1. In segment 282-303, what count of residues is obtained for those that are modelled with pLDDT under 95 and either over 22 Å from A236 (Cβ atoms) or not assigned by TED's automatic domain parsing to the domain that holds Q339 (or both)?
2. Say whether the condition of being touching a residue at least 60 places away in the same chain (Cβ under 8 Å), in the same structural domain as A188 (by TED's automatic domain parsing) and surrounded by 24 or more Cβ atoms within 10 Å (Cβ to Cβ) is met by at least one residue in segment 93-101.
3. Hey, among the residues in segment 153-171 that are of a type in the set (G, A, S) and part of a loop (DSSP other than H, G, I, E, B), which one's surrounded by the fewest Cβ atoms within 10 Å (Cβ to Cβ)?
4. Answer yes if at least one residue in segment 145-152 is of a type in the set (S, T, Y), assigned to a loop (DSSP other than H, G, I, E, B), under 22 Å from I67 (Cα atoms) and over 17 Å from the mean Cα position of the chain (by Cα), and no otherwise.
5. Go through segment 292-351 and tell me which helices (runs of 4 or more DSSP H), entirely inside it, have 2 or more residues that are in contact with a helix residue (DSSP H, G or I) (Cβ under 6 Å, 6 or more places away or on another chain) and among the hydroxyl-bearing types (S, T, Y).
6. State yes or no: is A207 at pLDDT below 95, under 25 Å from L90 (Cβ atoms) and not polar (S, T, N, Q)?
7. Given the structure, is V278 part of a loop (DSSP other than H, G, I, E, B) and surrounded by 17 or more Cβ atoms within 10 Å (Cβ to Cβ)?
8. Out of S242, S246, which single residue is without any contact (Cβ under 8 Å) to a residue 24 or more places away in the chain and either in contact with a strand residue (DSSP E or B) (Cβ under 6 Å, 6 or more places away or on another chain) or on the phi > 0 side of the Ramachandran plot (or both)?
Amino acid sequence: MFTTQPRVARVPTVSRLLRCVVVFVAIALGLAACGSDDTDTTSPQPSSVQSGQSAFPVTIAHKYGSIRINAQPARVVAVGLTDSEPLLALGVKPVGVVDWFGERPYGNWPWSEKLWAGTAPEIVGERNELNFEKIAALRPDLILALYSDITQEQYDTLSKIAPTVAQSKEHDDFATPWKEMTRTAGQAVGLEGRANDLIAAIDKKFADVRQGNPDFAGRTTAIVDPYEPGQYAVFAPSDPRSVFMSEIGFKVPDQIGQLAGSEFAAEISSEQLNIVDVDRLLFVTDASDAEARVKADPVYSRLKVATEGRALFVPYEDPPVGTALTFNTVLSIPYAIDQLVPLLKTPGSAG
């Protein structure tokens, strides 16, 4: 199965992410005094937050209702997989995070490392396997769960610790667009104006790429993780990797979206590889032998995208181009543009 592979195990899947840490009754009872949807968050302003913040209180709607934040938060825990990134871009260092890619030390991606400035957050879980005891011990006055699939039960527990903003009710889990994540994070910490400025800057970068590469417009693409021999994960149009490609001009075929349904990816075997016979095929890989293995697949080798050299292989790490695409955040997008666009201009280039 797709979910058992080392690299793909770092990609959220329904079966794995539904697991959660059991909360002991004593801890759960103790959390009730920590906060609720209407808690007055009157903690001092964090030194990392810039001046010119938005007025409070603010009310933010999410999948499980809405939350009122009465004062600027000082201690933020980010339990969404990439929620730390818009916070860092806004100048706010979360005190707690979840670990998605097994980073040690945490926060060493080239687009975020300097913003952490050597301040290591507490790791309060992996993916969405949350350690509620650790989260409570950090005494947060705000919890963000934007890029997540937390359940109602998990939300109820988190909201007893501190006011919690869950994932968007307008999008599937793990499909909230980077703009909405950035804007919501900005609202939650009182920096919505700054968030809008960051969004505008990234929009301009995408516009510059489209203007400088008109041949990208409307060309079909597919983004694929060849996670084991003869097995492929083809990412849905709503997946961040596909969204990035769409924002620079490419189009993911409707057939891929139909096959993926409400999941973030469709799992296919070699016999179905015809659906990725597109104008520009992008493989994101972890294993060092992945490119050779894919090229040795007799079905793949007969596709026009293969025979005409229109496939591109990029690693998740070293350099972390695939990770930047997977995150697709206000921080990682500029890195992805700088690293990937030059390769896309040259068919057959490798990462």
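1. Within segment 282-303, residues that are modelled with pLDDT under 95 and either over 22 Å from A236 (Cβ atoms) or not assigned by TED's automatic domain parsing to the domain that holds Q339 (or both) number 3.
2. no
3. Once the filter is applied, the top-ranked residue is S168.
4. Step one: of segment 145-152, the residues of a type in the set (S, T, Y) are 147-148, 151.
Filter again for assigned to a loop (DSSP other than H, G, I, E, B), leaving 147-148, 151.
Narrowing the set further to residues that are under 22 Å from I67 (Cα atoms) leaves 147-148, 151.
Checking the rest, the ones that are also over 17 Å from the mean Cα position of the chain (by Cα) come to 151.
Scanning segment 145-152 turns up at least one residue that is of a type in the set (S, T, Y), assigned to a loop (DSSP other than H, G, I, E, B), under 22 Å from I67 (Cα atoms) and over 17 Å from the mean Cα position of the chain (by Cα).
5. 332-344
6. no
7. It is true that V278 is part of a loop (DSSP other than H, G, I, E, B) and surrounded by 17 or more Cβ atoms within 10 Å (Cβ to Cβ).
8. Details: S246 fails: either in contact with a strand residue (DSSP E or B) (Cβ under 6 Å, 6 or more places away or on another chain) or on the phi > 0 side of the Ramachandran plot (or both).
Exactly one of S242, S246 is without any contact (Cβ under 8 Å) to a residue 24 or more places away in the chain and either in contact with a strand residue (DSSP E or B) (Cβ under 6 Å, 6 or more places away or on another chain) or on the phi > 0 side of the Ramachandran plot (or both), namely S242.
The values are calculated or read from the model by the stated rules, or taken from the named source; none is laboratory data. From a predicted model like this one, the values you see are computed outputs, not experimental measurements. Cβ coordinates were reconstructed from backbone atoms using ideal geometry, including for glycine residues, and neighbour counts include every protein chain displayed.
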